[in-house]
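A short reminder: the numbers here are calculations on the coordinates, not readings from a lab. Please read all numbers here as calculations on a predicted model, not as lab measurements. Reconstructed Cβ throughout: ideal geometry from the backbone, glycine too, with neighbour counts over all protein chains shown.
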Amino acid sequence: MTELLWIVPALPFLGAIILIILGTKLSRIAASFVGAGSVGLSALLVILIGLNYAPAAGPFRQVLWQWIDVAGLSPAFGFHLDSLSLVFIFVITFVGFLIHVYSTEFMAEDEGFARFFAYLNLFVASMLILVLADNLVLMYLGWEGVGLCSYLLIGFWYEEKKNGDAARKAFIVTRVGDTAMAIGLFMLFDIFGTLIINDILEQAPQLWSVGSQTAMVVALLLLGGAVGKSAQLPLQTWLPDAMAGPSPVSALIHAATMVTAGVYLIARMHVIFELSPTAQLCVGIIGALTLLIAGFSALTQFDLKRVLAYSTISQIGYMFLALGVGAWSAAIFHFMIHAFFKALLFLGAGAVIMVLHHEHDMFKMGGLRNKLPVIYWTFLIGSASLAALPFITAGFYSKDSILWLSFAGEKGNIWFFLAGLTGAFVTSIYTFRMVFVTFFGEAKTAVGHHTGARITIPLVILAVLSLVGGFIELPHTLGHLELFSDFLKPVLPAVAVDPSATTGMEWTIQGITMVLSLVGIFIAYHYYVRKPEQASQLKSSLAGLHRFWFMGWGFDNLYDSVLVKPYVFLATVNKNDIVDKFYSLIVYTTELLHRIFARSQGGILRWYIMSMVIGAILILTLGLLL
């Protein structure tokens, strides 16, 4: 069955080509079958491959053709399947298929229906190439492919200027990280003479010792690419504005797949990061700071999708924190669970926005729990999983693993643990603030129409996964089931736990986490259901801090002042520089000669004869003189 691996990315790519070429000629039903059907078939094939895949047998490599062969650089168009890539392609295709089905109803009235599915399919194909690539050149092709598709999908409704601005911002900011990554790839090829991932990971420990300066530089450059794609500090500013795209775009690209590409890159290249403790520590610090900064910003947002955008940045911060302490499997486990509940929340938010006549402001909603029961209950389940409600949600188990290992892991420390704990507390507050404001209280906007099965069925499926998905990885205190980490063990090393860490300590940490999660929910209930006037008073008393958090801690203003305005100023000053003047002189001279010669073409015969006579006299005179 693994021999059919190449079909997995080929199907959505074929679907994209069909939609690009025939999109205007296809009916919406036909376009739906091509767009959603191609990804659905890929998901089915991934499940069949997964059922027949044995991690102990080792990775499977499939070379389709030789791609490039220049000066020793000879990467193939080849795929590498192991436990890590299998988890990612399952999430990409399965969650992607549910989002495609949802989109067939959500985008039903849009003029660009076929174009939308063409972009979605091209994105899925690019993301699959990224995670299946057996060499870094092919991975970079997929990496840039998802960047292009992100630009196209964020700016899908390009008639509005703000959407185009958001798309360009995402494209430019992520290019900063991509440039760092490209330099890292150049260094790797210069050092190892190859960009085949497995070859680099095998040779690196032989060439570099732990703490090598070269390993640190390469790891930091790769980290630069990761923070750009995954919207981590300091390149996190593009993601909140990316909510300008349709809600299915937010669910697929900015919750379940593209923004986790950085997590995949670091996990795939984990050997290099283990050889550079400094770079790995930087990964943890970036994750810890990002999860806090984004979490506090989410507390102040009123746009439903922007709350979820900042939440995504924060949750990916947890993944980076786990990677930074060497909890590789825990990071990937949280990636998968996060894909379930965050895709659910974005799709639920999109459904609410759609039935409320495209209203995004939570404080203009309210009273929806009885009017939209399916959306309410599924959204509540996704929110509970995001807030890590104890025992019954998948998010509890994935987040608990990160918190425990950030404390008890060999590379963990108390500061990482406190950052994660604080983030968990803040998460429960902003998550249920969102739930209570949106679904409780008085209705402020009338419901236009109710959603159909193509929207509700994906919500129900994702809600089930957001509840039961965590039971494949249970902590020592609650059954000690490690199916997920055992599955990844052939690819990712197990985290070393401090010998002094006891079961009692784990129980204590879990207890603290549970209490903080429940207290956060109660605080949100108190301020936004019982005493909403107190929330307004608190906002007024902390107006400056509220505005600072609302503006994303001022990063946009900082970059605007330090980078954008100086660049625009210099570009304005340089608009008529010496180079332009040189070419302007050429144009002026050409125009002048044209006017002079045009005067000589008057159409008067005697002037032509006189000119010929004068010319002949000059030629004869020069001939006699010379």
task = Please give the helix 197-207 orientation as an angle from the longest Cα principal axis of the chain, in degrees from 0 to 90, rounded to the nearest 10.
result = 80 degrees
task = Classify the range 563-625 as rounded, prolate or oblate from the Cα gyration tensor: take a ≥ b ≥ c as the square roots of its eigenvalues, call it rounded if a/c is under 1.5, otherwise prolate when a/b beats b/c and oblate if not.
result = oblate
query = Pick the calculated Rg/Rh (Cα atoms, Kirkwood Rh) for this structure from [x] 0.99; [y] 1.02; [z] 1.11?
reply = [z]
query = What number comes out for the charge environment of A166, summing +1 per Lys or Arg and -1 per Asp or Glu over other residues with Cβ under 14 Å away?
reply = 0
Principal-axis tilt of helix 83-106 within the chain, Cα atoms, nearest 10 degrees = 80 degrees
task = Decide, for the range 234-330, between rounded, prolate and oblate: order the square roots of the alpha carbon gyration tensor eigenvalues as a ≥ b ≥ c, take rounded if a/c falls under 1.5, and otherwise choose prolate if a/b is larger than b/c, else oblate.
result = prolate
query = Once fully extended, how much extra length lies between T2 and T590, figured as 0.36 nm per residue of separation less the alpha-carbon to alpha-carbon distance?
reply = 205.1 nm
ask   = Summing +1 for each Lys or Arg and -1 for each Asp or Glu, what net charge is found among the other residues whose Cβ lies under 14 Å from the Cβ of V374?
value = +2
request  = Answer with one residue from Y430, L304, M354: the one whose Cα lies farthest towards the positive end of the charge dipole of the range 301-553, charges on Cβ with Lys, Arg +1 and Asp, Glu -1.
outcome  = M354
message = At a 10 Å Cβ-Cβ cut-off, how would you order R268, R115, fewest neighbours first?
response = R115, R268
Neighbourhood net charge (11 Å Cβ-Cβ; Lys/Arg +1, Asp/Glu -1) for F436 = +3
message = Under 8 Å for C-alpha pairs, at least 6 residues apart: give me the relative contact order for the chain, rounded to a whole percent.
response = 12 percent
ask   = By how many degrees, 0 to 90 and rounded to 10, does the Cα axis of helix 304-324 deviate from the longest principal axis of the chain?
value = 80 degrees
ask   = Spin-label point model (7 Å from Cα, Cβ direction): what's the F302 to H360 distance in nm?
value = 1.3 nm
